[in-house]
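Novice: Would you mind keeping the following structure in view while I ask a few things?
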Amino acid sequence: MDTVARVPRHVAIVMDGNGRWAKKRLMPRFFGHKQGVDALVRTVEACADRGIEYLTVFAFSSENWKRPTEEVSGLMSLVLVAVSKYLAKLAGEGVRIRIVGDRSQVSDKVRAAWDEAERTTAGNRRITLSVAFNYGGRWDIVQACQQAIAAGVPAHELDEAKLGSYMAMNFAPDPDLFIRTGGEVRISNFLLWQVAYSELVFSDCLWPEFGTVQLDAALADYASRDRRFGRVNSADVATEAGA
Ligand code: IPE
Ligand code: IPE
Ligand code: MG
């Protein structure tokens, strides 16, 4: 494997553990979410420094509406705070921001903040930060099918590439590395279609504590993996051919 392939082009992260981080400190869950935003900004910068082209983070799932109303509204207001606090900084650092998810269900204020973040950073190319917000992997597959049907795509023309072109992450390659913090070992309806061949790394670190040490550990783990995509290891092919 060459050195270029050892740095993933696309890293996807389930930023989990904010609530437990706050609870350990006898603080309200919102405090954990607030610290989680700071961890996200640190991580975007660290990924850009390491040459990662795409970072996609799970910020609010289709199922997170089932949380208590105060927590949901706290998370919505945090979007507004985070955009006003960090947008100019990230824009100045060459970060392009994309939002993926169902924007029809969020408030006008949140939608306007996301629109502004995308508009302000549209010309940036150093790293693309995609924030999955009101996102679900199943939602994504269904909305892609709906778009394909609405566009009149005949059934025999609907192959993987065609359906992929209607998915929310159609502007990015599939994630090479999937990281979940917070100790749970599950996908929780994140990028179901796109993680087909991602390398999975699960960390017990709670998201507000995530930093360069944890990122570099995940990247080292990734670099040691043998990605086969269904094929036989190339070294084994060479050995057998020479035998
Ligand atoms: C992840 O942290 C952030 C969101 C889901 C918005 P959690 O809020 O799920 O934190 P834990 O898992 O309860 O610790
Ligand atoms: C996944 O975390 C969603 C986000 C990080 C935004 P959850 O905390 O919602 O996942 P479950 O409920 O433990 O599966
Ligand atoms: Mg959680």
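Read the figures in this text as sums done on the coordinates, not as results from a lab. Just so it is clear, the structure is predicted and the values come from calculations on it, not from any experiment. Using ideal geometry, Cβ is built from the backbone for each residue, glycine included, and neighbour counts are taken over all protein chains shown.
Novice: When the dipole is taken about the Cα centre of segment 10-242, and only Lys, Arg (+1) and Asp, Glu (-1) are charged at their Cβ, what size is it in debye, to the nearest 20? Don't skip to the answer; put the middle values down first.
Specialist: Numbers: 28 positive and 29 negative charges, 161 e Å.
Charge dipole of segment 10-242: 780 debye, to the nearest 20.
Novice: Rounded, prolate or oblate: which fits segment 22-65, taking a ≥ b ≥ c as square roots of the Cα gyration tensor eigenvalues, rounded meaning a/c under 1.5, else prolate when a/b beats b/c? Don't skip to the answer; put the middle values down first.
Specialist: Working: a/c = 4.29, a/b = 1.62, b/c = 2.66.
It is oblate, given that a/c is not under 1.5 and a/b is not larger than b/c.
Novice: Can you divide the C-alpha Rg of segment 37-136 by 2.2 N^0.38 Å and report the result to two decimal places? Before the final figure, lay out each step's value.
Specialist: On the way: Rg = 13.2 Å, N = 100, 2.2 N^0.38 = 12.7 Å.
That works out to 1.04 for segment 37-136.
Novice: When ranked by the protection proxy of mean other Cβ atoms within 10 Å per residue, highest first, what sequence do the peptides 16-22, 182-188 form? Before the final figure, lay out the partial values.
Specialist: Numbers: 16-22: 21.7, 182-188: 13.4.
Result, highest mean Cβ count within 10 Å first: 16-22, 182-188.
Novice: Using a 7 Å offset from Cα along Cα-Cβ at M76, what residues in segment 123-166 end up with backbone N under 19 Å from the label point?
Specialist: Label zone hits: 132-136.
Novice: Hey, another quick one. With springs only between Cα atoms under 10 Å apart, run a GNM on the chain and tell me which of L215, L26, L200 wobbles the most.
Specialist: Comparing L215, L26, L200 in a Gaussian network model of the chain, the most mobile one is L26.
Novice: Sticking to Cα atoms, compute the Rg of segment 69-201 to one decimal and its Dmax as the biggest Cα-Cα distance, whole number, in Å.
Specialist: In Å, with Rg to one decimal and Dmax whole: 16.3, 48.
Novice: Same structure again: Starting from the exponent 0.38 and prefactor 2.2 Å, build the expected Rg for segment 10-242 from its residue count and divide its actual Cα Rg by it. Write down the numbers at each step before the final one.
Specialist: Details: Rg = 18.8 Å, N = 233, 2.2 N^0.38 = 17.5 Å.
Cα Rg divided by the expected 2.2 N^0.38 Å: 1.08.
Novice: Let me ask another. Between R50 and A161, 0.36 nm times their residue separation minus their Cα-Cα distance comes to what?
Specialist: Working: separation 111, 0.36 × 111 = 39.96 nm, distance 2.94 nm.
Result for the pair: 37.0 nm of gain on full extension.
Novice: Report the local net charge at E93: Lys and Arg +1, Asp and Glu -1, summed over other residues whose C-beta lies under 13 Å from its C-beta. All intermediate terms of the calculation are to be shown ahead of the outcome.
Specialist: Numbers: positive: R42, K89, R96, R125, R126; negative: E45, D49.
My count for the surroundings of E93 gives +3.
Novice: Give the relative contact order (percent, whole number) for segment 10-242; include only Cα pairs under 8 Å separated by 6+ residues. Mind dumping the intermediate values first?
Specialist: Numbers: 335 pairs, mean separation 64.1, N = 233.
It comes to 27 percent, rounded to a whole number.
Novice: Here's a follow-up. Relative to the longest principal axis of the C-alpha atoms of the chain, give the angle of the C-alpha long axis of helix 29-49, reported between 0 and 90° and rounded to the nearest 10°.
Specialist: With rounding to tens, the tilt is 40 degrees.
Novice: Post the alpha-carbon centroid distance, segment 36-111 to segment 177-243, in whole angstrom.
Specialist: First find each Cα centre; the distance between them is then 23 Å.
Novice: Dipole of the chain (Lys/Arg Cβ +1, Asp/Glu Cβ -1, origin at the Cα centre): which of A151, L26, L206 lies farthest to the positive side?
Specialist: L26
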